[in-house]
Amino acid sequence: QVQLVESGGGLVQAGGSLRLSCAASGRTFSSYAMGWFRQAPGKEREFVAAISRQGGSIYYTESVEGRFTISRDNAKNTVSLQMNSLKPEDTAVYYCAARSGVNSRKSYEYDYWGQGTQVTVSS
């Protein structure tokens, strides 16, 4: 069982930056691949970024490539998402998720989810 708690969301102007963090409970954090997803009002949840158990494999969705950076600290049981050059279309609730095994872009393959944190980018 893994419990995930996101933090770091907020309101920022276009072009600004935010850093999201996700704290995980439990002593087996390093056995989980981690992902970030987001859901905008009226839209389906979409993949943002994923990182493998030891951080050696990272995926991004094309729209955030070069602007967002996912990272993890297994000693601190945390995964982060550094978001730069934010755009109004990045506005959404951002969710942290964990899955046993390799990282994935598919939300249905994740076993555990956080409650989400709101990111709002004003134009």
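The single condition among (1) assigned to a loop (DSSP other than H, G, I, E, B); (2) of a type outside the set (V, I, T); (3) closer than 22 Å to E44 by Cβ; (4) open to solvent by 30 Å² or more (accessible area, probe 1.4 Å) that L86 does not meet is (4).
Here the stretch 58-70 is the region considered, the condition is being assigned to a strand (DSSP E or B) and open to solvent by less than 50 Å² (accessible area, probe 1.4 Å), and the residue that is nearest to R27 (Cα to Cα) is I70.
I'm checking my understanding of the structure. Among residues of the stretch 89-123 that are part of a loop (DSSP other than H, G, I, E, B) and hydroxyl-bearing (S, T, Y), which one is surrounded by the fewest Cβ atoms within 10 Å (Cβ to Cβ)? Here the answer is S123.
Residues checked against (1) of a type in the set (D, E, K, R); (2) assigned to a loop (DSSP other than H, G, I, E, B); (3) open to solvent by less than 20 Å² (accessible area, probe 1.4 Å):
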site	(1), (2), (3)
L20	no, no, yes
A23	no, no, no
A33	no, no, yes
W36	no, no, yes
K43	yes, yes, no
G56	no, yes, no
R72	yes, no, no
L81	no, no, yes
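The values are calculated or read from the model by the stated rules, or taken from the named source; none is laboratory data. A quick note: this is a predicted structure, and the numbers were derived from the prediction, not measured. Note: ideal-geometry Cβ built from the backbone for every residue, glycine included; neighbour counts use all protein chains shown. We work out accessible area using only protein heavy atoms, side chains counted, and drop any ligands, DNA or RNA first. Shrake-Rupley method; radii C 1.70, N 1.55, O 1.52, S 1.80 Å.
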